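First the structure, in the form of C-alpha cells, and then the observations on it.
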Amino acid sequence: MNTRKHSLMGVEIKTRISAEKGYFVTVKMKKCMDNNGIGRLVKDLTHIVEDEVKAFQKLLDVLLDQQTSLLEGDILSVSLSNDEVERIVAKTKVLEEKRKGKSQDLSLCFDVEEAPILSRLIPLVEQRYAERLKELKEVLKVLSKKIQNNKKQNTCFIEQTLRFVDQNLQLLTRGQLFSAVLEDQKEQESTQRRNA
C-alpha cells in the first residue's frame with residue numbers, strides 16, 4: 001500500500017493507494033500525529049472511561065438498593081430509585097458518546113480502519129495508558145453483567161409482587177362477592193320467614 005500525505009488548512013489529508021484492490025481512500029485526520037496530541041486524546045479517553053466505571057458502579061448500587069426496597073415493600077424508595085436510575089442512565093449515554101468521539105479521534109490518529117472500539121485502540125497507546133484502559137474495560141464488562149443480572153432479578157421481583165397483589169385482589173373480590181351472596185340469602189330467608 002502506498003501512502004501520500006498533504007496538508008490543507010490545519011487538517012492533514014492522507015491518501016492511501018491500494019494497488020492490489022485498485023482504489024483510493026482519503027481520510028481527513030486531525031493534527032494529532034505528535035505525541036502531545038495523541039497523549040491528550042488518550043488521557044481524555046481514560047478519564048471518560050473512568051467516569052463511565054463510576055457511573056456504572058453507582059447504577060449497580062442504586063439497583064441493589066432498589067432490590068432491597070422491593071423486598072421490603074418500600075414503594076416510595078423504589079419510585080425514588082427509578083428516578084435515580086433514569087438520571088444515571090442518561091449520564092452513561094452522554095459518557096458513551098464522548099468515549100465514542102475520542103475513540104474515533106484516536107482511530108484517525110492511528111489510522112485504524114475498523115470500528116474505533118477500545119480493544120482495537122488499547123494495543124496502540126502508551127503502555128501505562130494501555131494497562132489502565134484494559135483494566136477499566138474489564139471492570140466495565142463485569143459491572144455491565146452485574147447490572148443486567150440485577151435488573152433481571154428486580155424485574156422478576158416486581159412481576160412476582162404484581163401477581164401476589166393480583167391474587168389477593170381476586171381473593172378479596174371473591175370474598176366480598178361471597179359475603180354479598182350470603183347477605184342476600186340471609187335477607188331472602190328473613191323475608192320468607194316474615195311472610196310465612
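For this structure, a couple of remarks:
- Single residue of I117, I147, I122 found to be under 21 Å from L59 (Cβ atoms) and in the same structural domain as L71 (by TED's automatic domain parsing): I147
- Residues satisfying the stated conditions in the range 118-166, i.e. touching a residue at least 60 places away in the same chain (Cβ under 8 Å), of a type outside the set (A, V, I, L, M, F, W, C) and more than 14 Å from V53 (Cα to Cα): E126, Y129, N150, K151, Q153, N154, T161
- Flag if T46 is surrounded by 15 or more Cβ atoms within 10 Å (Cβ to Cβ), in the same structural domain as V125 (by TED's automatic domain parsing) and at pLDDT 90 or above: yes
- Which numbered condition L143 fails, given (1) crowded, with 17+ Cβ neighbours inside 10 Å; (2) modelled with pLDDT under 90: (2)
The values are calculated or read from the model by the stated rules, or taken from the named source; none is laboratory data. Computed from a prediction, not measured in an experiment: that's the story for all the values here. Ideal geometry is used to build each Cβ from the backbone, glycine not excepted, and the neighbour counts take in all protein chains shown.
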